[in-house]
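The values are calculated or read from the model by the stated rules, or taken from the named source; none is laboratory data. None of the values given here were measured: they were computed from a predicted structure. Every residue, glycine as well, gets a Cβ built from its backbone with ideal geometry; the counts of neighbours run over all protein chains shown.
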2 protein chains.
Amino acid sequence: MELYVLEHRLQVGSIPRDAIAPFTHGLVKLILLRDKTKCKFLSLTRTADEYSIIIDQEGLKELEPLSDQLSLVNSVWYAQNVSAGALGSGTGKASGITKIAKALILPLAEAQVPVFVMSTYQTDFILVQEKDLDTSIECLRSHFKIFREVEGETIEVPNSGSKGETTPTRGETNSREISHPLVAPPTRFSVTSLDPDTLPKVATILLDILFYADPSPEGSDADFFSFSIIDGDISLVMDTETLTRFPSNALFTSATGECWKMIKIGAVPLGFDECGIVAQVSEPLAEADISMYYISTYRYDHTLVPEEEMDGVVKVLLSRKAKINGAASSEGKEGEEDKDKTQSSSCTEGMDCSEAPSSAPVEREETMEQQDPTTSEPANTYY
Amino acid sequence: MELYVLEHRLQVGSIPRDAIAPFTHGLVKLILLRDKTKCKFLSLTRTADEYSIIIDQEGLKELEPLSDQLSLVNSVWYAQNVSAGALGSGTGKASGITKIAKALILPLAEAQVPVFVMSTYQTDFILVQEKDLDTSIECLRSHFKIFREVEGETIEVPNSGSKGETTPTRGETNSREISHPLVAPPTRFSVTSLDPDTLPKVATILLDILFYADPSPEGSDADFFSFSIIDGDISLVMDTETLTRFPSNALFTSATGECWKMIKIGAVPLGFDECGIVAQVSEPLAEADISMYYISTYRYDHTLVPEEEMDGVVKVLLSRKAKINGAASSEGKEGEEDKDKTQSSSCTEGMDCSEAPSSAPVEREETMEQQDPTTSEPANTYY
């Protein structure tokens, strides 16, 4: 398997929800006027109380003059991703970071490397801080052939020879407990994309949603909209109600037309130094072969799992001593707010998520097509 | 003839060209997300060194918190416009403020009322300061039946009885000299409009032009782009090169497909208290029955005249002792920069201005259709 360490020097930052105005000028340019900027990596996620941003150095220049309203993590991050071919080589049918949980997420957790995960429609990026990059590369050697991008060229990283292929291990890997409370809002999400050439057609819709959305009534956990444009690939994560605002033929949806449920991780901001948060959730879901996306933001992490797997997910997480608010469990803890929706297994509300465009794009799409929903067993057969 | 005093309480302001970023958030909302704002009157004109803005109180709220980068004239302005029917009742065939020069512009100049003029594709607005409004109404009584908008209702303004229909007069009306230097850049302009429903389709183009245009090499007098949205009517004034960036069917152009030349008035900012600036230019052009638009900005005024009338315009203005830079005159003062373009009478460069949309809109359009270009005499026959 091949792992690529991208050359973007990334910053992770946060802007309070009500302080976005001074940054709109730069962000509109970064999002809509691509030929005017050298930025190659931008992710902007609107949550109830912040805009979480991942941005390269060229992009950051567009936000200047930087004000104290933009909080930046005091380190540079490097994004790593795994080649699409490698993703397809796993045995399980699940997609997203489930594919890379054992080979990438777990070894980094074992090596005490904190990670920031950015799933997109196309792929998953695992971000590590600059100080952890060498450790990260060493501990992933046994799983991947590792390449680094240097000034646009891809070069293989030679074996340093010292530690070689030894990976730090921990005895009790399988009993990793979930350390943060989880919240599972009833909202249904869609993970989608659009052709960059289509961006102008949906510009006003995007602007409205990103910068002029009314604040949620009470800082809702379901208030979540993520836009990223990374090396030309656009990825969008939004609730299915927001999805209906886009013209039906503007967005790509996955071939399997899945809707996703979100599990927000953390009751207080997670910080950037704790290790193993992603592993705690991804390891048991990978064992159960359940697909998942994962989106870290400045304050909280967010797992997205297929709506029809939600019952199984809750069982799996409860078995790891998770405290879950808002999700129905098999133990009869029916969440009040989602009683109407949790059991629905099809995606018929709002826009029809199952409408796949004729021009089906990119790696993620291929990966997802390997999932045949007709052979999926019901969620609760996993336990 | 009927004159309407609109109820918008307008502010006139200026933002330095390089200080627009903090205002982009509010302006994008005002321009592109019309259903999110109560603003009814917005005009934004980008020149070489400033953004000149005319905005109502509701619009101004969207720009808060106001910074000292936004300079506002310390008074409220009221916009007056003349009914389309009245415009058509004149004897001449010329359009724009030529139609209202004698009945409105000259009387206000005689009455020592400084005005700010905002021509749009649809109509012309004559703005007067609140302190001058009563004087303005009194001196226009002899020419117009006057109405005021009050809370959406249009009510006729009763005659105050005191001064009645007496209009201040000045003996030497016909020898009004032009007091400010004029500059006539070679650039050709188009005055156009678009259906508000079309706005989303051209959103990224508009954003790019309005907020992310590269600064002109040396503060060019031809750097001019005006956007206004007034009671739902959109008006755009741009050079013909910029026009080519829009899809060919997106914009309305006048039925006669005219291109316009601009004459910038003033070498130093004109201020807001001097009377008669508009009259100095509009009176002789009206006498010569030459169509003209007029756009006041925070610093300078701008007259737009039909390209094919430019020779005549120059002669007329020179006869009023104007100092004109950059324009060819009949006395052989061929301007160097426009030697290739001044003589061209058709509008073939860039987009074809003569393409009229099937859905020809609004008053201005009707007015312009009364002009039959085939009967127009050559410019120099006026003198």
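Some notes on this structure:
- Of all residue pairs spaced 6 or more apart or on separate chains, those with beta-carbon atoms under 8 Å, a first member in the stretch B:197-213 that is without any contact (Cβ under 8 Å) to a residue 24 or more places away in the chain and within 7 Å of chain A (Cβ to nearest Cβ) and a second member that is buried (at least 17 other Cβ atoms within 10 Å of the Cβ) and of a type in the set (Lys, Arg) are B:Tyr212/A:Lys29.
- Residues in the stretch B:214-232 that are touching a Ser or Thr at 6+ places or on another chain (Cβ under 7 Å) and either modelled with pLDDT of 95 or more or under 19 Å from B:Cys39 (Cβ atoms) (or both): B:Phe224, B:Phe225, B:Ser226, B:Ser228, B:Ile230.
- Residue within the stretch A:23-44 that is within 17 Å of the chain's Cα centre (by Cα) and more than 25 Å from B:Leu207 (Cβ to Cβ) present: no
- Criterion violated by A:Ser216 - all others in (1) buried (at least 17 other Cβ atoms within 10 Å of the Cβ); (2) more than 21 Å from A:Met118 (Cβ to Cβ) satisfied: (1)
- Selection of the stretch A:8-19 for residues being within 22 Å of the chain's Cα centre (by Cα) and within 16 Å of A:Leu210 (Cβ to Cβ) yields A:Gly13, A:Ser14, A:Ile15, A:Pro16, A:Arg17.
- Among the residues listed as B:Lys40, B:Lys36, the single one being free of Cβ contacts under 8 Å to residues at least 24 places away in the same chain and not acidic (Asp, Glu): B:Lys36
- In this entry, B:Phe211 passes the filter for residues that are in contact with a His (Cβ under 8 Å, 6 or more places away or on another chain) and either hydrophobic (A, V, I, L, M, F, W, C) or at pLDDT below 95 (or both).
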